[in-house]
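The values are calculated or read from the model by the stated rules, or taken from the named source; none is laboratory data. Model, not experiment: these values are computed from the prediction. Quick reminder, even Gly has a Cβ in these numbers, built from the backbone with ideal geometry, and neighbours come from all protein chains shown.
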Protein chains: 2
Amino acid sequence: MERRKLIVVSNRGPVSFARDDNGERIVRRGGGGLATALRGFVAHHDVTWIASAMSDEDRVVAGERGSEAMVERTRTGAPYRVRLLAHEPVAYDRYYNVVANGTLWFLQHYLWGLAVEPELGRAFRVAWTEGYESVNRAFADAAVAELDREPGAAVCFHDYHLYLAPAFVREQRPAARLMQFIHIPWAQADYWRVLPEDIRRAVHEGVCANDVVGFHTERWRRNFLQSCGAFGGCQTETVVNPIGIDIDEFEQLKDSPAVLAEEERIVGSRPELLVVRVDRTDPSKNIVRGFRAFGLLLERHPELQHRVGMLALLDPSRQNLAEYREYLAAIEHEARAVNERFGQGEWRPVDLQIADNFPQAIAAYKQFDVLFVNPIFDGMNLVAKEAPLVNGRDGVVVLSENAGAHEELGDWTLTVNPFDIEGQAEALHRALTMPAAERRRRAEALSGYVREHDIAAWADAQLADLDRPASTILSP
Amino acid sequence: MERRKLIVVSNRGPVSFARDDNGERIVRRGGGGLATALRGFVAHHDVTWIASAMSDEDRVVAGERGSEAMVERTRTGAPYRVRLLAHEPVAYDRYYNVVANGTLWFLQHYLWGLAVEPELGRAFRVAWTEGYESVNRAFADAAVAELDREPGAAVCFHDYHLYLAPAFVREQRPAARLMQFIHIPWAQADYWRVLPEDIRRAVHEGVCANDVVGFHTERWRRNFLQSCGAFGGCQTETVVNPIGIDIDEFEQLKDSPAVLAEEERIVGSRPELLVVRVDRTDPSKNIVRGFRAFGLLLERHPELQHRVGMLALLDPSRQNLAEYREYLAAIEHEARAVNERFGQGEWRPVDLQIADNFPQAIAAYKQFDVLFVNPIFDGMNLVAKEAPLVNGRDGVVVLSENAGAHEELGDWTLTVNPFDIEGQAEALHRALTMPAAERRRRAEALSGYVREHDIAAWADAQLADLDRPASTILSP
């Protein structure tokens, strides 16, 4: 394999710094997410990674290094360069909380009740120009500096935090090779129109300044092409390249002491039939309707009461946004309602755990009889790939048709519409009563597919996409 | 012009019956809306109109007539046949309030906050099968009976209440000529996916059973073709045929005693500069953000305080739906907030009138300096056509880019994004300070366009569409 020069640009980087109890600087390597996904790049190629300084210590490190990158190493010892950008805190808050997570995320998952939200007033305008634009410009300037050091390098932008940076780089280096991968859904044009005209145009022109834009599914790609068409056209190459998972990582993790300890706890208290869900507490994840569907299952099929339980492992997410705090409260309320309605004596049908506990999640992956993945919309949803890989019970996956993973896995999962409570209750029942042979056939097909289409395959495809013919339009 | 045999099918008919103070039956002829729109059909062609019995007396009349149509006459004396269908009240409530207005309207205007609404549970399922389906079947059966009386007649369905009826007619009379006109926006495919798969498929197959489907704008037509593509394809002919207004009706109305009396009241109390909005209190109309934008205008331009006022004439709408009651409360709250913030002495910047008063609306149309039409989404919006026709002050129209009328009138209006409060405040300011010559140029162009593209032109185009080549697929 050719060793390539790559500049990876993402908001969250592969490492973060802290101080230990003795005041010594320590490095934390990110598990999961993009850092894991890009490990293949880092091991085999000449990578410089540009990311935001997140922790206080990151900011100290960034200040010490100035515009110099530092050399880090992966867990397997491969060296790569990291450059952390210390953004001005107010600008970062506007960029990250107001625009990226507070606006673009909601837009691209169709989460607004448009009659009253969003409120795109002065505060949003300021957050756009003095937050999203300025942080994107800082990323672009860093990428240009790295390009000047390595003029032949390709720049790979990641996700919805960085829609403007490609155009800012393109202005300065018209011949650069630029690529962006978008990990969340792309909304259809009518919903993009929620943004004022100049802002939605800037988003589309920014993304179209890349030579190649990648999505997890044909559906998000088609939405992108249609919205580009509605807003003036774009000649950029688009590709579909669904992300996979790191098989070795999960194979090792599932037998790790931490996971085995968690699994023992689950086995000690699990009901005969275990429904598992693992999610961030994000409004897009449809957790409240999931509990309602589970309650309806218990109502419709009283013979399942005391036999089936739902273990919901929820990682608290973005609690600085009011919508997320309200959604977490609604989750807790609904879990309580189901437990009050159907609980008897010691028995509670819903076991709700609000915590960031990855070993516990892996243990639950191993133990589920039914995995419940019902997002409203989801770019991919990796739970639907991770859990079947390590599951040891021929567990059945109930999967939303609006999860990106459904495009790959839908033949072997039970498909649900995320808004249809009845349909979800029925699918749970069908999954819980499925004959063993059919469970096995589906489970084997799922884990076989996940094994074959792993993270290395995704990384290889990403690099192959970089070699596609250059876009016919260099500046949008 | 050839005299054609037409069977018009719509939920609301051209007449409704009541009892006067002496207990005598009286006929009320509908003003405005579809009844007006189709007056041209009725005057020049052989029309049978099938509609729901709405009033108690309608139901009595329907019972007396059985399956017999009765002969009515237009205001100009032209005869036509009317057949009222007395649906079972519970079924009608499910069809009209739960499915049509409570679900399809919200869907096609993108009004849900999807994290928590809609709740498509058992009640919706029952409303679908035992409400929407059964009422649509009753309409279809009546249309088939009329077709058997006049086998050469064409059937023209109207709007979102009747998405299934065309397929039900097609099953029974494969060779019938069927057409449907959809007066509201067509949502994009992702949003249609909120409905369970069998229901969204039934909607699309029902509409595709027509030979021709008409929309007000190219944009809604394109959305329809794309969602048909996403859900399996449709070979039906589609047309864009934006509806116009009855010029004569408004010319007469504007000098009627009722309107002149209302106008005198407005003139007696109007501020120097008058911003007018006329709407139903519908969440799609964006009334709350409109008041916020007006408040921001007053804050940004204190020189306009005491000089400019907003007259908001709002027809209370669908108050049997909780969302509409809540929205009306939010409207009243926001109007009060602006008045409390900027009111001084006798002066109140917002004059909010919650009433169904058409003469008052026409009087306001004559008096506006700025007409504010900022819907979130709107199939057409006839206010944007009616008001410039009768206005006598070279008033400027501020128009949402998501109103269907924008596709025709956008060259002469000030375009706003309905979510952008700042942009709306700026557009109001620009409209209020526009030089007289430019105001005149725009106002003349607007009323000239509206005059030329009137309701007769729409009706003619509808009939011409009926003569298009038959669909290549007769049953979906």
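Can you spot a residue in the stretch B:399-416 that is at pLDDT below 95 and over 21 Å from the mean Cα position of the chain (by Cα)?
no
Residue pairs, Cβ under 8 Å, 6 or more apart or interchain, first in the stretch B:367-390 and within 15 Å of B:Arg439 (Cβ to Cβ) and within 14 Å of chain A (Cβ to nearest Cβ), second among the polar types (S, T, N, Q) and surrounded by fewer than 24 Cβ atoms within 10 Å (Cβ to Cβ). List them.
Once the first residue is within 15 Å of B:Arg439 (Cβ to Cβ) and within 14 Å of chain A (Cβ to nearest Cβ) and sits in the stretch B:367-390, no partner that is among the polar types (S, T, N, Q) and surrounded by fewer than 24 Cβ atoms within 10 Å (Cβ to Cβ) comes close enough.
Please go through the stretch B:55-78 and give me each residue that is aliphatic (A, V, I, L, M) and touching a helix residue (DSSP H, G or I) at 6+ places or on another chain (Cβ under 9 Å), ordered by number.
B:Ala69, B:Met70, B:Ala78, listed by residue number.
Starting from the stretch A:404-429, take each residue that is within 13 Å of chain B (Cβ to nearest Cβ) and of a type in the set (Gly, Ala, Ser) and list its partners that are assigned to a strand (DSSP E or B) and surrounded by fewer than 23 Cβ atoms within 10 Å (Cβ to Cβ), counting only C-beta distances under 7 angstrom and pairs at least six apart or across chains.
Every condition considered, the pairs that remain are A:Ala427/A:Leu414.
Taking the stretch A:190-225, which residues are small (Gly, Ala, Ser) and farther than 27 Å from A:Glu130 by Cα?
A:Gly214
Given the conditions (1) of a type in the set (A, V, I, L, M, F, W, C); (2) under 20 Å from the mean Cα position of the chain (by Cα); (3) under 29 Å from A:Ala261 (Cβ atoms), and given that A:Ala363 satisfies all but one, which numbered condition is not satisfied?
With (1) of a type in the set (A, V, I, L, M, F, W, C); (2) under 20 Å from the mean Cα position of the chain (by Cα); (3) under 29 Å from A:Ala261 (Cβ atoms) applied to A:Ala363, the lone miss is (2).
Name the residues in the stretch A:172-186 that are away from every other protein chain (no Cβ under 14 Å) and either closer than 18 Å to A:Trp105 by Cβ or buried (at least 24 other Cβ atoms within 10 Å of the Cβ) (or both), would you?
A:Leu178, A:Met179, A:Gln180, A:Phe181, A:Ile182, A:His183
Identify the residue in the stretch A:57-77 that is small (Gly, Ala, Ser) and more than 20 Å from A:Glu249 (Cα to Cα) and, among all such residues, is surrounded by the most Cβ atoms within 10 Å (Cβ to Cβ).
A:Ala62
Restricting attention to the stretch B:187-219, which residues are touching a residue at least 60 places away in the same chain (Cβ under 8 Å) and at the interface with chain A (Cβ under 10 Å from one of its Cβ atoms)?
The answer is B:Ala187, B:Tyr191, B:Val194, B:Leu195, B:Pro196, B:Ile199, B:Arg219.
Kindly check whether there is at least one residue in the stretch A:454-471 that is closer than 29 Å to B:Ala230 by Cβ and within 14 Å of chain B (Cβ to nearest Cβ).
For the stretch A:454-471, residues closer than 29 Å to B:Ala230 by Cβ and within 14 Å of chain B (Cβ to nearest Cβ): absent.
Looking for whichever is over 21 Å from the mean Cα position of the chain (by Cα) and farther than 27 Å from A:His109 by Cβ here; the options are A:Ala425, A:Ala437. Which one fits?
A:Ala437
Which of the following residues is at pLDDT below 90 and over 25 Å from B:Pro185 (Cβ atoms): B:Thr48, B:Thr76?
After ruling out the rest, the residue left standing is B:Thr76.
Kindly provide the set of residues from the stretch B:134-157 that are assigned to a helix (DSSP H, G or I), in contact with a helix residue (DSSP H, G or I) (Cβ under 8 Å, 6 or more places away or on another chain) and crowded, with 21+ Cβ neighbours inside 10 Å, ordered by number.
B:Val135, B:Asn136, B:Phe139, B:Ala140, B:Ala143, B:Leu147
Among the residues of the stretch B:463-476, write down those that are in contact with a strand residue (DSSP E or B) (Cβ under 7 Å, 6 or more places away or on another chain) and either at pLDDT 85 or above or part of a loop (DSSP other than H, G, I, E, B) (or both).
Correct list: B:Asp465, B:Arg468, B:Ser471.
Restricting attention to the stretch B:315-355, report how many residues are at pLDDT 95 or above, within 25 Å of the chain's Cα centre (by Cα) and either loosely packed, with under 13 Cβ neighbours inside 10 Å or among the hydroxyl-bearing types (Ser, Thr, Tyr) (or both).
Looking only at that region, the number is 4.
Can you tell me which residue among B:Gln172, B:Gln180 is of a type outside the set (A, V, I, L, M), more than 30 Å from A:Asn374 (Cα to Cα) and under 22 Å from the mean Cα position of the chain (by Cα)?
Exactly one residue qualifies, and that residue is B:Gln180.
Which one of these is part of a helix (DSSP H, G or I) and touching a Phe, Trp or Tyr at 6+ places or on another chain (Cβ under 7 Å): B:Ala387, B:Ala456?
B:Ala387
Can you pull out every residue in the stretch A:203-227 that is surrounded by fewer than 23 Cβ atoms within 10 Å (Cβ to Cβ), hydrophobic (A, V, I, L, M, F, W, C) and touching a helix residue (DSSP H, G or I) at 6+ places or on another chain (Cβ under 8 Å)?
Correct list: A:Val203 only.
I need a count of the residues in the stretch A:97-116 that are assigned to a loop (DSSP other than H, G, I, E, B) and over 21 Å from B:Glu299 (Cβ atoms).
7
Residues of the stretch B:105-116 being touching a helix residue (DSSP H, G or I) at 6+ places or on another chain (Cβ under 8 Å) and either free of Cβ contacts under 8 Å to residues at least 12 places away in the same chain or more than 14 Å from chain A (Cβ to nearest Cβ) (or both), which ones?
B:Ala115, B:Val116
Yes or no: B:Ala443 more than 30 Å from A:Pro118 (Cβ to Cβ) and either assigned to a loop (DSSP other than H, G, I, E, B) or of a type outside the set (Val, Ile, Thr) (or both)?
Judged against the criteria, B:Ala443 is a match.
Which one of these is within 30 Å of B:Leu389 (Cβ to Cβ), of a type in the set (Gly, Ala, Ser), in the same structural domain as B:Met434 (by TED's automatic domain parsing) and free of Cβ contacts under 8 Å to residues at least 60 places away in the same chain: B:Gly309, B:Gly343, B:Gly290?
It is B:Gly309.
Could you tell me whether the stretch B:251-266 includes any residue that is under 30 Å from A:Gln226 (Cβ atoms) and either within 14 Å of chain A (Cβ to nearest Cβ) or among the acidic types (Asp, Glu) (or both)?
No.
Tell me, which helices (runs of 4 or more DSSP H) lie completely within the stretch B:1-90 with 3 or more residues that are more than 25 Å from B:Pro242 (Cα to Cα) and in contact (Cβ under 8 Å) with a residue 24 or more places away in the chain?
B:56-65
Would you mention how many residues in the stretch B:20-43 are modelled with pLDDT of 85 or more, of a type outside the set (Val, Ile, Thr) and on the phi < 0 side of the Ramachandran plot?
Total meeting the criteria: 6.
Looking at A:Val450, A:Val397, which is the one that is more than 14 Å from chain B (Cβ to nearest Cβ), surrounded by 22 or more Cβ atoms within 10 Å (Cβ to Cβ) and not in a helix (DSSP H, G or I)?
That would be A:Val397, the only listed residue that is more than 14 Å from chain B (Cβ to nearest Cβ), surrounded by 22 or more Cβ atoms within 10 Å (Cβ to Cβ) and not in a helix (DSSP H, G or I).
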